[in-house]
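To keep things clear, I will list the structure first and then write my remarks on it.
The values are calculated or read from the model by the stated rules, or taken from the named source; none is laboratory data. The shown structure was predicted, so the numbers you read here are calculated from the model rather than taken from an experiment. Methodologically, a virtual Cβ is constructed for each residue, glycine included, from the backbone with ideal geometry; neighbour enumeration extends over all protein chains shown. Just so you know, the surface numbers come from the protein's heavy atoms only, side chains and all, with ligands and any DNA or RNA stripped out. Shrake-Rupley method; radii C 1.70, N 1.55, O 1.52, S 1.80 Å.
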Amino acid sequence: MRITRRLEFDAGHRIPDHVSQCRHLHGHRYTIEISLEGRIIDIPGNTANGMVMDFGEIKRIAWEKVVSQWDHAFLVWREDKRVMEFLASLPDHKTVIFDMIPTVENLATAAFRILDTAYRDTCGNALRLERVRLFETPNCWADATRHEI
């Protein structure tokens, strides 16, 4: 069985080598979908009985590990020196530094890697993260899937 939880956050970034508007500082209302696979829990008395995982727990983990870190932050590539200097000049600015250019593809991959270690099977139902889908806009997204990462 596959289940999916969706969350939203706002963040800024830029794609420094891009030839169009994305090379400028700008922001997005990102949507992240976390898809888990596992067997439905069949343990009478367990709070997740009849579920693969409680959706509230999926949200709590995603919020703690990714969303709260990236929400209302500027996501910047370590090698984008001019922007790094600018952001460092802003007192208490929320900046998340990446070793790769913060494209939607790279961010989806980073989120998958972070969350993959966070979702663990605790009820013997073979729970595992299968996909992180990250929407940069309502019409543009990237999927990071288990077989590709």
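Observations
- Which numbered condition Phe55 misses (of (1) within 19 Å of Leu107 (Cβ to Cβ); (2) open to solvent by 90 Å² or more (accessible area, probe 1.4 Å)): (1)
- Number of the condition not met by Ala111 [criteria: (1) in contact with a helix residue (DSSP H, G or I) (Cβ under 8 Å, 6 or more places away or on another chain); (2) closer than 18 Å to Ala142 by Cα; (3) surrounded by fewer than 19 Cβ atoms within 10 Å (Cβ to Cβ)]: (3)
- Within region 1-28, if we keep just the residues that are touching a residue at least 12 places away in the same chain (Cβ under 8 Å) and in contact with a Pro (Cβ under 9 Å, 6 or more places away or on another chain), the residue that is surrounded by the most Cβ atoms within 10 Å (Cβ to Cβ) turns out to be His13.
- Conditions (1) touching a residue at least 24 places away in the same chain (Cβ under 8 Å); (2) farther than 29 Å from Glu130 by Cβ; number of the one not met by Val104: (2)
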